[in-house]
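Here the structure comes first, spelled out in structure tokens, and everything after it is commentary.
The values are calculated or read from the model by the stated rules, or taken from the named source; none is laboratory data. Keep in mind it's a predicted model, so treat the numbers as computed, not measured. Because the Cβ atoms are built from the backbone with ideal geometry, glycine has one as well, and the counts that use them run over all protein chains shown.
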Amino acid sequence: MVIELHPYTLALVVAVVVSATVSVRAWQYRPAAGATPLAVLMVGVTEWLVFHALEVTATSPARKLLWADLQWLGAVIIPLAWLAFALEFTGRDDERTERLLGVLLLEPLLGMVLLVTNNAHTLLWGEARVETVTLPGLAPMTVATAHPHVGAIAHALFSYVLLLAGTVLLVQLLLQTRSLYRIQGFFVLLGIGLPWVANVLALLEVTLLDLTPLAFTVTGVAFTVGLYRYRLLDLVPVAYDRVVSTLDDGVLVIDQAGRVVDTNAAADDLFGTGGTTLIGQHVREVVDESERLLPPYDGVDDRTEEISFDVDGERRYFSVQQSQLVGGHGQVVGIIAVFHDITRQKEREQELERANAELERTNDRLDEFASVVSHDLRNPLTVAQGWLEMARETGATEDFEAIVESHERMEHIIDDLLTLAREGADPDAFEAVALPAVARDAWAVVDTGESTLEVETDIVVTADRQRLKQLFENLYRNAVEHNDEPVDVRVGTLSRALSDGDGLAPSADRSTGDESSPSAADQPGFYVEDDGKGIPESERETVFESGYSGSASSTGIGLSIVAKVADAHGWTVAVRDGRDRDDGTTDPARPGARFEFTLR
């Protein structure tokens, strides 16, 4: 068989090889979205190109006309395959579109029937002829042509509708595609545009050759580059719309320079300010604690951080899962940060911590109660039982008086236990309280014997009046019960800083050391002191512990109650030596005990 060799033929052969390769490769990736219809489309393009090449190279007019007719078989399946690709690639492939494609398939089948029977009815085109075509700079060549009739025109309109519908879907997707998919979008746009340009040039007779199949070959190459170089069909942009954009969690895509290059709607709502786009901003401008979103790329693919920041004036907590974004050559090009709101979880954890702390305090009080009941109450009860046996034998009045004293001591212990069982103070009961009045009221209800009280302060404090009174009662009781002789008790305004080595209640904070913080001398406060025998320095760190007692008549709970009441008010209590004399000296024989309360 004699053939005409022409440079245009070489271009067609190359195009056949390329389109066939694209068809095979797309078929191999057919689980990916759009791969199967793309393979079918490229089969149609390959068929079109093969018979077009045979048409150009044939020397017999009859063969040219035969090959020209057979090109129709490939051409009729391209529009439907194009629409199917667009529907699947953009995520619109559902049962309704499948039924629609099944109906539309009837048109290509009808076109093939008309092709076989065209000589009988000439509905597709009239009498075919051979014409000479001259390409710029190349030798003339001959191709078959014919005037289109109604069938060909109808098919052309049908094809344009399908091609236009698929093109609109793809362009619409590109307009919605965010910055992460710009490269993929470029190749899709290139593949979309070229067939239209080639077909319009042929329609306007700018060129006598219809270059549409060559343009579709370039379309296949463009999609192939996207398919293998940029994983176009493995991670289609529609996956973003279906998954990322609908997440309740905020998503930020951050490049190596720390710029936000992509977000989803949840992130826009979370970090957006007045409609300002987040894309292009540095992550420092978007998120507090941003340095924790830019860890060194140390080979760890995923990591999770917990961060917190204010959202609409409310503190919110987030678990941020970070995944590395890897480029085509395996290099890290950025990170994807997903913000999951764990504020409710944190609040529950804090509530649980508070409940555990309260349970610990309750257990501590139960331990204290058990200790007092098992030891301190048992002692006077045993004494009372002993004196009762003596009273039964002797009937002496002093024996009954000893029993009464033991019962009074047990009543005293029970009262202190009830006080300790209550919270240190009720915040709802806080009010402005005149300290002198409370100090004198407490003195009036304590059995102080011949001891005296001197109140040298007129300050007003914010406190629970009842608990403050209990604080003074226990301090007075402590002063009287721990001294064999009457004592002079003085209540005054605190006006000096605490010195190192002073005993502090367990709740007192001695750790600040910040020079900008006000010293104790700058804070209002008060003291309660006596001129008794004082508290040994070795015991000052333990006087506020439950069970401490320096006297047989003491319950060992009083100063523990003092510390709890002070702590509930947010005060610091400390104990030190001595009653300050007017001349600045202290009597070594009666150094006294001084309790100082600093109001924070």
Number of positions in region 447-470 that are of a type in the set (A, V, I, L, M, F, W, C) and closer than 19 Å to Gly532 by Cα: 2
Output for Cβ contacts, cut-off 6 Å, separation at least six or different chains, first residue in the same structural domain as Gln324 (by TED's automatic domain parsing) and under 15 Å from Gln322 (Cβ atoms) in region 256-270, second of a type outside the set (A, V, I, L, M, F, W, C) and modelled with pLDDT of 80 or more, reads Gly258/His282; Val260/Gln281; Ala267/Gly250
Condition check for Gly395: at pLDDT 75 or above and either out of contact with any helix residue (DSSP H, G or I) (no Cβ under 7 Å at 6 or more places or on another chain) or crowded, with 16+ Cβ neighbours inside 10 Å (or both): yes
Say we look at region 42-68 and pick out the residues that are of a type in the set (S, T, N, Q) and touching a helix residue (DSSP H, G or I) at 6+ places or on another chain (Cβ under 7 Å); which of these is nearest to Ala26 (Cα to Cα)? Thr46
Total residues in region 248-262, condition at pLDDT 80 or above and in a strand (DSSP E or B): 7
Of all residues being surrounded by 13 or more Cβ atoms within 10 Å (Cβ to Cβ), charged (D, E, K, R) and modelled with pLDDT of 85 or more in region 330-379, which is nearest to Val320 (Cα to Cα)? Just the residue, please. Asp341
State the number of residues belonging to region 89-101 that are in a helix (DSSP H, G or I) and surrounded by fewer than 23 Cβ atoms within 10 Å (Cβ to Cβ). 7
Is it true that Asp288 is modelled with pLDDT of 60 or more, in a helix (DSSP H, G or I) and farther than 30 Å from Met42 by Cβ? no
Condition first: assigned to a loop (DSSP other than H, G, I, E, B), exposed (fewer than 14 other Cβ atoms within 10 Å of the Cβ) and in contact with a strand residue (DSSP E or B) (Cβ under 9 Å, 6 or more places away or on another chain). Now tell me which residues in region 440-485 satisfy that. Asp458
Among Thr145, Thr117, the single one that is at pLDDT below 85 and hydroxyl-bearing (Ser, Thr, Tyr) is Thr145
Could you check, for region 210-231, whether at least one of its residues is modelled with pLDDT of 75 or more, among the aromatic types (Phe, Trp, Tyr) and in contact with a helix residue (DSSP H, G or I) (Cβ under 6 Å, 6 or more places away or on another chain)? yes
The residue that is surrounded by the fewest Cβ atoms within 10 Å (Cβ to Cβ), considering only those in region 577-595 that are under 16 Å from Tyr527 (Cα atoms) and either modelled with pLDDT under 85 or not assigned by TED's automatic domain parsing to the domain that holds Ala429 (or both), is Arg581
